[in-house]
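Here the structure is laid out as structure tokens; the discussion comes afterwards.
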Amino acid sequence: MDVFLVYGGTFDPIHRGHLAIACAARDALRCTVHVVPASDPPHRAPPGADAGQRAAMVAIAIAHVPGLVLDRRELQRGGRSYTVETLAELRAALGPRRPLAWLVGADSLLGLSGWHRWTSLFDLAHLVVAERPGSGLDDAIPGVLADALRARWTERPDDLAAAPGGRVLRLRQPLSLVSATEVRAQLARGAPVDALLPPGVAAFIEATGLYRPAPGASL
Ligand SMILES: Nc1ncnc2c1ncn2[C@@H]1O[C@H](COP(=O)(O)OP(=O)(O)OP(=O)(O)O)[C@@H](O)[C@H]1O
Ligand SMILES: O=C(O)c1ccc[n+]([C@@H]2O[C@H](COP(=O)([O-])O)[C@@H](O)[C@H]2O)c1
């Protein structure tokens, strides 16, 4: 059965690194990627753009990318965007047998043991983990998480199609150095960001005045 693949993120703003891993996961699993902007992302400071603006930038970024679709379920649910709740909602809708997977970057995986009800995530879905510069997966995984992952790792996409959840697929895609932090910093100092962003997103940011320093603020 084909995998229902979900990619959650703050996307403040969505950048080329996000698209690169979404497309790599799409191609590895040969399935659609459902991109889910977080309404109120846990474990981080409030985003610079509101949830509607972040979703609008995702819509612009993926408009012409085959196999990527916007899913507004966390915006509609409101409140803290706990992944375990999103996956439980999807599992109820998809039934117990459909393979379901959640895409993360390596830095997110390294913090997984701090997530709300994190051990339940594996009962609900697979994880797909994209490598990210600066976040090594081979020796950096903290003990309790390493133990939880040990028997779950695979490099074979077919293992995800063969079960509803519980495996962790390591994606080995070309690395992208881009981060939303870097994009926001560049914008704050008035530096060009076109090379970091999908087409159309820079124009949206320019038109809305997002991420500009407040007048008179020192950089
Ligand atoms: N360049 C990248 N390579 C691999 N994974 C990435 C990359 N950028 C983001 N991700 C992953 O995408 C998901 C959503 O990321 P997020 O929206 O927080 O972007 P970010 O660039 O990490 O943002 P920020 O710099 O504000 O923390 C996370 O799981 C993150 O690990
Ligand atoms: O459920 C949690 O406790 C949890 C903790 C941290 C991050 N997440 C989710 O992981 C995704 C990436 O988070 P972030 O902060 O790197 O954009 C996003 O969908 C978050 O809602 C979820």
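The values are calculated or read from the model by the stated rules, or taken from the named source; none is laboratory data. These numbers come from a predicted model, not from an experiment. Cβ placement follows ideal geometry from the backbone for every residue including glycine, while neighbour counts extend to all protein chains displayed.
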Q: Considering only region 41-89, state which residues are buried (at least 17 other Cβ atoms within 10 Å of the Cβ) and at pLDDT below 95.
A: Pro41, Pro47, Gly48
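Confirm whether Ala151 is in contact with a Pro (Cβ under 7 Å, 6 or more places away or on another chain) and surrounded by fewer than 16 Cβ atoms within 10 Å (Cβ to Cβ).
Working: in contact with a Pro (Cβ under 7 Å, 6 or more places away or on another chain): no; surrounded by fewer than 16 Cβ atoms within 10 Å (Cβ to Cβ): yes.
The answer is no for Ala151.
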Q: Write out, first by first residue and then by second, each pair whose Cβ atoms fall under 7 Å of each other, whose residues are 6+ apart or on separate chains, and whose first residue, in region 175-192, is closer than 21 Å to Asp107 by Cβ and among the small types (Gly, Ala, Ser) while the second is away from ligand 2 (no atom under 14 Å from the Cβ) and assigned to a helix (DSSP H, G or I).
A: Ser176/Arg16; Ser176/Ala20
(Q) For a quick check of your reading of the model, give me the residue pairs whose first member lies in region 207-219 and is loosely packed, with under 10 Cβ neighbours inside 10 Å, whose second is modelled with pLDDT under 95, with beta-carbon atoms closer than 8 Å and at least 6 apart or on different chains. (A) Leu219/Ala188; Leu219/Arg189; Leu219/Pro213
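When the residues of region 108-122 are narrowed to those that are of a type in the set (Phe, Trp, Tyr) and outside any loop (DSSP other than H, G, I, E, B), which ends up farthest from ligand 2 (Cβ to nearest atom)? It would help to see each step written out before you state the result.
The initial filter retains those residues of region 108-122 that are of a type in the set (Phe, Trp, Tyr), namely 115, 118, 122.
If we keep only those that are outside any loop (DSSP other than H, G, I, E, B) too, we end up with 118, 122.
On the way: Trp118: 7, Phe122: 13 Å.
Residue satisfying both the conditions and the ranking: Phe122.
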(Q) If I ask for residues that are touching a residue at least 60 places away in the same chain (Cβ under 8 Å) and under 19 Å from Val183 (Cα atoms), which ones from region 30-61 would you list? (A) Gly48, Ala49, Gln53, Ala56, Met57, Ile60, Ala61
Q) Which residue out of Phe11, Phe4 is of a type in the set (Phe, Trp, Tyr) and more than 16 Å from Val178 (Cα to Cα)? A) Phe4
(Q) For region 123-146, check the following and say yes or no: at least one residue is assigned to a helix (DSSP H, G or I) and of a type in the set (Ser, Thr, Tyr). (A) no
